[in-house]
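The values are calculated or read from the model by the stated rules, or taken from the named source; none is laboratory data. The shown structure was predicted, so the numbers you read here are calculated from the model rather than taken from an experiment. Cβ placement follows ideal geometry from the backbone for every residue including glycine, while neighbour counts extend to all protein chains displayed. Keep in mind that these areas ignore ligands, DNA and RNA; they rest on the heavy atoms of the full protein, side chains included. Shrake-Rupley method; radii C 1.70, N 1.55, O 1.52, S 1.80 Å.
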Amino acid sequence: PAGGMGLDPLFQAWSYFRRRKLQQCSELCSELLETPPGEQVPGGVLLYPVQAAWSLKTRALTEMVYVDEIDVDEEGIAEMLLDENAIAQVARPGTSLKLPGTSQGGGPSPAVRPVTQSGRPITGFVRPSTQSGRPSTVEQAIRTPRTGLSARPVTSATGRYGRLGTASMLTNPDGPFINLSRLNLAKYAQKPKLAKALFEYIFYHENDVKNALDLAALATEHAQFKDWWWKVQIGKCYYRLGLFREAEKQFKSALKQQDMVDTILYLAKVYLRLDQPVTAMNLFKQGLDRFPGEVTLICGIARIHEEMNNISSAAEYYKDVLKQDNTHVEAIACIGSNHFYSDQPEIALRFYRRLLQMGVYNCQLFNNLGLCCFYAQQYDMTLSSFERALFLAENEEETADVWYNLGHVAVGIGDLNLAYQCFKLTLVNNNNYAEAYNNLAVLEMQKGHIEQARALLQTASSLAPHMYEPHFNFAILSEKVGDLQRSYTAAQKSEEAFPGHVDTQQLLKQLKQHFAML
């Protein structure tokens, strides 16, 4: 009504926060904090606790840059190669993520399903943990191979958090909202409600793990070590600092006080970082006894099976995920890709169509739909799917993927000139695409251009030493032109990359006979 009271500014700021209009919430809180209490403001006299506005502003600033710690886990090159946490240098088969090829589950062979540089089959869903393979040498870690955008080296995990932290500069052009060096942490630790908001602000917004750890240690002491929340936060700080055993103790202690799914996930993350997938899997299974049907726990087990190259068990667990949550994108995508590589493109097509019905609308999905349609012999849909994928591609790597698959389709229908053009376009978009170099070399061999084919194969094998095809093709080519020594060396590399490849073994046998005759 005219001349009546307006909306209380603090309540309005809270309303902005609830509706996730975080910038407006932060600005309104700043105005409130600059206005002395008891002063006249439009709509009446301002009588509000300063702490409430301060607390709300810290929460709004935190939410702007908040990232869920459970899923963010990228190991940098340094963390992978200078890893001092491994328990055994040579792990028993089926107990380590570093030797995925030793799994007991009999995963698909590289002849059917391409592998990343770490030796694992390409997953149906790119996750932070699949972003970085576990390279065996520094040279392999620094080189950036192109396998489904996974196994990509990340410079350093801390670099990523640093970049997240610089977001604080954007939200506060006048300088930091809280000057951490002047804070009396002991005073705040005695006010539990303020301390929690302040901790999250320091940890996420300012990215100052040391101060956050100090505050959490003081607060848990004030709570007489009975508050599980603070123990989880201390565990997160230790994890971020690379003190995994200390983090494990904190998470276990928190679980004794309060059973929480999140804490189980954090503890499993610690075990996976220590390369103890079997312990992590047992932890998930114990969690499922207490939280039956919890999707994140079942999904965690499925991911471990997939990383251990035990694809059939992973698919079973992903099906269990879908029984609980039938719109789980990761589970649908992984089951779809598993069916595709198991030579069941029609069933894979149903899963990808399901994703389309759910509203997933991106380049990768249409790319996969195009391939499924082609192998299911629904040729009318193939090209239109790839056209849509090209239209939706967000970067050159995605465009390169689509052109590469179009090249495959062209080879399938026998149009080798079109295939040649497609593979060339792949390399225009992504110059490090080893598979395209390999396939171009095969086309050049068919045309009789031996030197070009040899150069292309050498490029492919240097870009992707984990692939067996370039080595094998180079061995065949060298054997044809009578260069037996080079052929033998390349065949050995091919056997190293894929020990079960019959053609490589036959070629090596022939070459050994040649050498015996000499």
The residue from Gly482, Gly412 that alone is open to solvent by 30 Å² or more (accessible area, probe 1.4 Å) and not in a helix (DSSP H, G or I) is Gly482
Is it fair to say Leu46 is crowded, with 16+ Cβ neighbours inside 10 Å, in contact with an Asp or Glu (Cβ under 9 Å, 6 or more places away or on another chain) and at pLDDT below 90?
-> yes
Can you tell me which of Lys196, Lys249, Lys231 is within 23 Å of Leu272 (Cα to Cα) and surrounded by 18 or more Cβ atoms within 10 Å (Cβ to Cβ)?
-> Lys231
Taking only segment 351-390 into account, find how many residues are closer than 18 Å to Leu322 by Cβ and aromatic (Phe, Trp, Tyr).
-> 2
Within the group Val112, Val72, which residue is at pLDDT below 70 and of a type outside the set (Gly, Ala, Ser)?
-> Val72
Among the helices (runs of 4 or more DSSP H) confined wholly to segment 219-295, which include 3 or more residues that are in contact with a Gly (Cβ under 9 Å, 6 or more places away or on another chain) and closer than 25 Å to Ile202 by Cα?
-> 244-257, 261-273
Test: residue in segment 264-274 that is among the β-branched types (Val, Ile, Thr) and open to solvent by 20 Å² or more (accessible area, probe 1.4 Å) = no
Tyr361 fails exactly one of (1) in contact with a Leu (Cβ under 9 Å, 6 or more places away or on another chain); (2) at pLDDT below 95; (3) part of a helix (DSSP H, G or I), namely (3)
Just give me the residues in segment 372-393 being open to solvent by 30 Å² or more (accessible area, probe 1.4 Å) and in contact with a Cys (Cβ under 7 Å, 6 or more places away or on another chain), in sequence order.
-> Met381, Leu392
For Gln364, all conditions in the list (1) open to solvent by less than 70 Å² (accessible area, probe 1.4 Å); (2) within 18 Å of Pro114 (Cβ to Cβ); (3) not aromatic (Phe, Trp, Tyr) hold save one; what is the number of the exception?
-> (1)
Taking segment 486-518 and the residues there that are closer than 20 Å to Met445 by Cα and open to solvent by 70 Å² or more (accessible area, probe 1.4 Å), the one that is nearest to the chain's Cα centre (by Cα) would be Asp503
Can you pull out the residues in segment 415-444 that are hydroxyl-bearing (Ser, Thr, Tyr) and either open to solvent by 70 Å² or more (accessible area, probe 1.4 Å) or touching a residue at least 60 places away in the same chain (Cβ under 8 Å) (or both)?
-> Tyr433
